[in-house]
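Peer 1: Got a structure here, written out as structure tokens. Questions coming.
Throughout, read-outs are computed from the coordinates displayed, never taken from laboratory work. Model, not experiment: these values are computed from the prediction. Using ideal geometry, Cβ is built from the backbone for each residue, glycine included, and neighbour counts are taken over all protein chains shown.
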Amino acid sequence: MKGILKSMMVTASTFMRKPVTREYPERHRELPERDRAFPLLLWDQDIDEPFCTGCHACERACPVECMTVIMKDNPNHSSQGGDSKRRKIIDKFYIDYARCMRCNICVEVCNFEAIAMNNTWQGHETSVYDRADLVMDLPQLLAQSKAKQLQEWVAE
Amino acid sequence: MNTEIFGIENVNVWLDALIRVLIIVGFMTVVVMALIYAERKILARFQQRLGPTRTGPVGTLQSIADALKLIGKEDLRPRNADPWTFELAPFLVFIPVFLGFVIVPFVLDWQIRVLELGLLYFVAVSGVNIVGWIMAGWGSDNRYAMIGGMRAAAQGISYELPLVLSLVAVAMIVEVPVGDGELLRGSLNLNEIIAAQHEVPNLVWQPLVMIVFIIAALAELNRTPFDIPVGESEVVGGPFVEYSGIRWSMFFLAEYAALLIMSLIFAAVFLGGWAWPFGIWMDEAPGRWLQAIAVAIKSGAFFFLIIWIRASVPRLRIDQLMSFSWKVLLPLMLAQVLVNGLVLVYDWPEIILTAVGLVGVVALFVIVDRAVRHPRPRPAPVAPLQSEAV
Amino acid sequence: MVVEPAVEFETQDLLINVGPQHPSTHGVFRMVLEIDGEVVRDLVPYIGYLHRGAEKLCENNDFRQGIGYMDRTEYLAAHNAELSYVMAVEKLADIEVPERAQWIRMILCELNRISSHFMFLGAFGVDVGVFGTPFIYAWRERETIIDLFEEISGDRMMYAYFRAGGLAWEVPANFRERVGEVLKSARQGVKDFDGLLTENEIFLARTKNVGIISAEDAIEIGMSGPSLRASGVPLDLRKTEPYLYYDQIDFEVITAEGGDVFDRYWVRMQEILQSISIVEQCLERLEDGPIMPEKMPRMLRLPEGEVYIRTEAPRGEYGIYMVSKGGNKPYRLKVRSACLSNLQALKQMSVGQYVADAIIILGSIDIVLSEVDR
């Protein structure tokens, strides 16, 4: 019975400690800088267009083939009178968050640093009622970066 | 026949009984809901987490929310379940617990009825719920339920004996004043047992008996470490696995009501009930409230102990708990009854009871230690049967 | 013990299905027990509920994309799973990994071993019957370790952090302090578990002399890892075939005699302490430097060949057999899973024991179904 009393002492000492529960969703944990939620596209604030040129590098590198990329000629290019250096720009971009395995390979292969993993809570709270709502299109992917709500971290 | 209640004279006996029963039923329902909530909170604190927090302030309305949910559920019955057995089983588990409340004294002379054979009545009535468990297990037409029911019946019957003998051992030595300043030994009346403890609670005289009562009460309540019938990680739910909604909630409430009764009986028999240490203020108004608070604290301590054990201790296997009861607890209790008898007959000083009790506690520790650390070697298992190819 | 009736009368054995959804099976695992009263006479396991075709999927993915799949074959010890894969690629391509990357790999693998063993302790405590306390303690300790992993790689369970040649990116600047904090809390966690379970009489009564497997039987079945070491066989791949820098580190191989459930539990508990000491020694020897070799091609192409690399995962010998026929994808990838081999011993250990013991024995082998089914 001595061992049982010892177990009860351990439990009693736990009784005295502060509970480790954090009450979600009122209180959120502080996410580290490198947290890797779902991918997002980045917005170039200087020229007011996405960084992404639609080069298909990430689409080819994705292990689960969750992206669809369509590019178009950039109407904002210097040859057309605009101030952008990008000849092509992204037209349509679909990422299926239900398929994405958040492996970060798309970020690593991107030549333009145009895609980054979302390291905020909006990237984690993506519950929907219909699976089709998890296929994100271009405006949804650009929204957070356009609104300057993102401090993205891209590995060197 | 007429009697008085709450200072109102000449009330019909039946009406008086009815009023008391209604008060107790109302009290019991509220307290059971509070106990369920308290258990969840305390168990959570032992595990370094919060319990219910969202329903109501600090989660206090959680029990009511659970009750509403259970009432709203569909009432299922398996197609091949025996209708009478299946549907009567919850009642057979629930009603004996209610009947046990008849003799429990809350404060001085406030209970439903004073019975001269109070403890005998309590033991007899609480044994009926075993039949309810077997009915639930068999009537469910489910193998897991049947296994759980059989285990529960075996366990319940095995631990009746140490429980009864522990109550007998205490009943033997209480001193009852019988007019003329004479003292008579031995009483089954709970009121007299409590009144005899107005100076020293019974746990001083019978420490071993108190420990055995705690163990046997845990087994009767089917609580850890004896909760193998409702082993939550094996036969999930045991005999109650096919019940849903109100029927299941009757089992659940019966478990907590039985827990409440055991706490009150424990407080009455071993810790002195309302009589220690405030027994001298019996008739004045603040005295009653103090007695009620004393009873609440004592039964609350038992309740806390049970939850503490639940959070710390694994569960025993069925053969281990049966052999513990028959081979360890029963001989110890028989020896204790023998010693009590000798002390009564030869009029030895009562301190011998305490000494023998403490020796018995040490003996219990030693027996358990030896059984666990030097187990008898098990015979080699038989070769597995040749099963057909998967 | 086996019960023989005093009077001969005809009885029938009962078939119990411990089904895929059950609070106790660690993942989706099904076993059908044939019981006589309370004694198990026969046991038939059914697996395959979690098969996702990881090996076939890796044939269509190159050597960086496949790392994510390897994570998911053993999600509780993902760093160890990734390690075998990248070591196989490095062996075939003859890449030399810089020192700093190797030390960091060792630290992360040992931390993952600690967190995996904590998970075992938690689930095992629930199997034995304590209501929820060991589980919560285990998750409390795992939270500290997983928070550290999140700061390093970004993900809490599927890290995809190792690459062929080294690591994907550099660890954060406060790595040493964070690892020190994690180790301190892990020590306290082991103390909690030790006090809660190891001396508890009821726990001893449930686990001693239950589910015994002898050393010869274990070797014949092909067990490995702590389950094998608990039967007395001192086989630890970190000592017999040292990989990374295990030959420069001082640690003991924990064995126990008896091979019962208590020994398997005890071996894992002591291994946590050994892993803590290994991590401390690695931290001392860690120095600055590069984490990837200088000239790494963008797309790795391997010469023809085949290789079998095995490492000591927390559950046993986790091996990768890779066949490459040139190109940037493996031609065939086979995962030698430790849990599947360990699971073969379940029937032998359980027959003749009680039903409640069968649940505990399954818990003590410490399987994770994603590795069994891949």
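Peer 1: Rounded, prolate or oblate: which one fits chain B, using the alpha carbon gyration tensor with axes a ≥ b ≥ c (rounded when a/c is under 1.5, else prolate when a/b beats b/c, else oblate)?
Peer 2: Cα axes put chain B in the oblate bin.
Peer 1: May I pose another question? Can you grab the distance from the C-alpha centre of the range C:31-106 to the C-alpha centre of the range A:14-41, Å, no decimals?
Peer 2: Between the Cα centre of the range C:31-106 and that of the range A:14-41, the gap is 28 Å.
Peer 1: Straight distance only, please: which lysines reach the Cα of C:Lys295 with their own Cα at less than 21 Å, same-chain residues fewer than 8 apart left out?
Peer 2: Within the straight-line limit of under 21 Å, C:Lys295 reaches these lysines: C:Lys91, C:Lys329.
Peer 1: To continue, here is another question. Would you work out which of A:Met117, A:Leu138, A:Asn104 lies farthest towards the positive end of the dipole of the range A:96-139? Charges go on Cβ: Lys and Arg +1, Asp and Glu -1.
Peer 2: Comparing the listed Cα positions along the dipole, A:Asn104 ranks first.
Peer 1: Now, a different point. Per Stokes-Einstein, at 10 °C and 1.306 mPa s, what whole-number D in µm² s⁻¹ belongs to the range B:108-182, with the Kirkwood radius over Cα pairs as the hydrodynamic radius?
Peer 2: Once the numbers are plugged in, D ends up at 105 µm²/s.
Peer 1: How many angstrom lie between the Cα centre of the range C:118-186 and the Cα centre of the range C:338-356?
Peer 2: What the calculation gives is 29 Å, centre to centre.
Peer 1: Which far-off residues, 5 or more places away or on another chain, put their amide H under 5 Å from the one on C:Glu317, with H placed in the peptide plane?
Peer 2: Sorted by chain and number, the residues that satisfy this are C:Ser224, C:Gly225.
Peer 1: Take peptide B:143-151, look around each residue's Cβ out to 10 angstrom, count Cβ atoms belonging to other protein chains, and average those counts.
Peer 2: 2
Peer 1: Projecting each Cα onto the charge dipole of the range B:1-145 (Lys/Arg +1, Asp/Glu -1 at the beta carbon, about the Cα centre), which of B:Tyr121, B:Ala136, B:Val102 comes out farthest on the positive side?
Peer 2: So the residue furthest toward the plus end is B:Ala136.
Peer 1: Would you list C:Asp13, C:Asp62, C:Asp127 from fewest to most Cβ contacts within 10 Å?
Peer 2: C:Asp13, C:Asp62, C:Asp127
Peer 1: Where does the charge balance sit around A:Asn119 when Lys and Arg score +1, Asp and Glu -1, over other residues with C-beta under 9 Å from its C-beta? Each step should come with its number before you reach the end.
Peer 2: Details: positive: A:Arg34, A:Arg36; negative: A:Glu33, A:Asp35, A:Glu152.
Summing Lys and Arg as +1 and Asp and Glu as -1 gives -1.
Peer 1: Let me ask something additional. Between A:His28 and A:Asp48, what FRET efficiency comes out of the Förster formula 1/(1 + (r/R0)^6) with R0 = 51 Å and r the beta carbon distance, rounded to 0.05?
Peer 2: According to the calculation, E is roughly 0.95.
Peer 1: Which FRET efficiency value, to the nearest 0.05, is calculated for C:Glu99 and B:Ile95 with the Förster distance at 60 angstrom and r the Cβ-Cβ distance? Spell out each step's value before the answer.
Peer 2: Details: r = 75 Å, r/R0 = 1.26.
Taking R0 as 60 Å, the efficiency between C:Glu99 and B:Ile95 is 0.20.
Peer 1: Any lysines with Cα under 29 Å of the A:Lys92 Cα? List them, leaving off those in the same chain fewer than 8 positions away.
Peer 2: Candidates past the 8-residue exclusion: A:Lys72, A:Lys146, A:Lys148.
Peer 1: Exposure proxy check: A:Val20, C:Val261 ranked by fewest other beta carbons within 10 Å?
Peer 2: A:Val20, C:Val261
Peer 1: Still on this structure, I have one more. Could you order the peptides B:155-167, A:48-60 from most to least packed, using the average number of other C-beta atoms within 10 Å per residue?
Peer 2: Values: B:155-167: 21.6, A:48-60: 18.7.
Per-residue Cβ counts within 10 Å, averaged per peptide and sorted highest first, yield B:155-167, A:48-60.
Peer 1: Using 0.36 nm per residue of separation minus the Cα-Cα distance, give me the extension gain between B:Asp141 and B:Val114 in nm, one decimal.
Peer 2: Gain on stretching B:Asp141 to B:Val114: 5.5 nm.
Peer 1: Let me ask something else. I need the calculated FRET efficiency for the pair A:Phe112 and C:Glu241, taking r as the beta carbon distance and R₀ as 35 Å, to the nearest 0.05. Mind dumping the intermediate values first?
Peer 2: On the way: r = 45 Å, r/R0 = 1.28.
Efficiency, from the Cβ-Cβ distance: 0.20.
Peer 1: Starting from the Cα of C:Lys191, draw a straight line to each of the lysines and keep only those under 23 Å, dropping any in the same chain fewer than 8 residues away.
Peer 2: A:Lys2, A:Lys6, A:Lys18, C:Lys208
Peer 1: Hey, another quick one. For the range C:208-311, what is the relative contact order in percent, using Cα pairs closer than 8 Å and at least 6 residues apart in sequence?
Peer 2: The normalised contact order for the range C:208-311 reaches 29 percent.
Peer 1: How far apart, in nanometres, would the label points at C:Asp288 and C:Thr11 be if each is projected 7 angstrom from Cα along the Cα-to-Cβ direction?
Peer 2: Placing both labels 7 Å beyond Cα along the Cβ direction yields 7.4 nm.
Peer 1: Now, a different point. When B:Trp205, B:Trp84 are ordered from fewest to most other Cβ atoms inside 10 Å of their Cβ, what list results?
Peer 2: Values: B:Trp205 24, B:Trp84 10.
The order, fewest Cβ neighbours first, is B:Trp84, B:Trp205.
Peer 1: Quick one: grab the alpha carbon gyration tensor of chain C, order the square roots of its eigenvalues as a ≥ b ≥ c, and give me rounded if a/c is under 1.5, else prolate or oblate depending on whether a/b is larger than b/c.
Peer 2: Values: a/c = 2.20, a/b = 1.56, b/c = 1.41.
Because a/c hits 1.5 or more and a/b exceeds b/c, chain C counts as prolate.
Peer 1: Turning to a different aspect of this structure: Can you give the relative contact order of chain A as a percent, counting alpha carbon pairs under 8 Å and 6+ residues apart?
Peer 2: Normalised by residue count, the contact order of chain A is 28 percent.
Peer 1: Next up: Between the range B:236-279 and the range B:156-174, what's the alpha-carbon centroid distance in Å?
Peer 2: Going from one Cα centre to the other spans 18 Å.
Peer 1: Do you know the relative contact order of chain B, to the nearest whole percent, from alpha carbon pairs under 8 angstrom that are 6+ apart?
Peer 2: Once divided by the residue count of chain B, the mean separation gives 19 percent.
Peer 1: Related question: Calculate, in nm to one decimal, what B:Val131 and B:Asp82 gain on full extension: separation in residues at 0.36 nm each, minus their alpha carbon distance.
Peer 2: 16.1 nm
Peer 1: Right, next: With equal scatterers on the alpha carbons only and no solvent term, can you work out the Debye log10 of I(q)/I(0) for the range C:229-374 at 0.15 1/Å?
Peer 2: Those come out to -0.98, one per q.
Peer 1: Could you work out the Kirkwood radius for the protein assembly as shown, taking every pair of different alpha carbons, averaging 1/r and inverting it, reported in Å? Working shown, then result.
Peer 2: Values: mean 1/r = 0.0316 Å⁻¹.
Averaging 1/r across every pair of different Cα atoms and inverting gives 31.7 Å.
Peer 1: Something else about it: Using the reciprocal of the averaged 1/r over all distinct C-alpha pairs, how large is the Kirkwood radius of the range A:70-145 in Å? Before the final figure, lay out each step's value.
Peer 2: Values: mean 1/r = 0.0693 Å⁻¹.
Computed over the range A:70-145, the radius equals 14.4 Å.
Peer 1: For every helix of n ≥ 4 consecutive DSSP H residues, a contribution of -39,500 (n - 2.57) applies; sum these over the protein assembly as shown, divide by its total residues, and give [θ] at 222 nm rounded to the nearest 500 deg cm²/dmol.
Peer 2: After summing the helix terms and dividing by the residues of the protein assembly as shown, the value is -15500 deg cm²/dmol.
Peer 1: Let me ask something additional. Quote to one decimal, in nm, the extra length available between B:Ala301 and B:Arg373 on full extension: 0.36 nm per residue of separation minus the C-alpha distance between them. Show your work: numbers first, answer last.
Peer 2: Working: separation 72, 0.36 × 72 = 25.92 nm, distance 3.13 nm.
Length difference between fully extended and current span is 22.8 nm.
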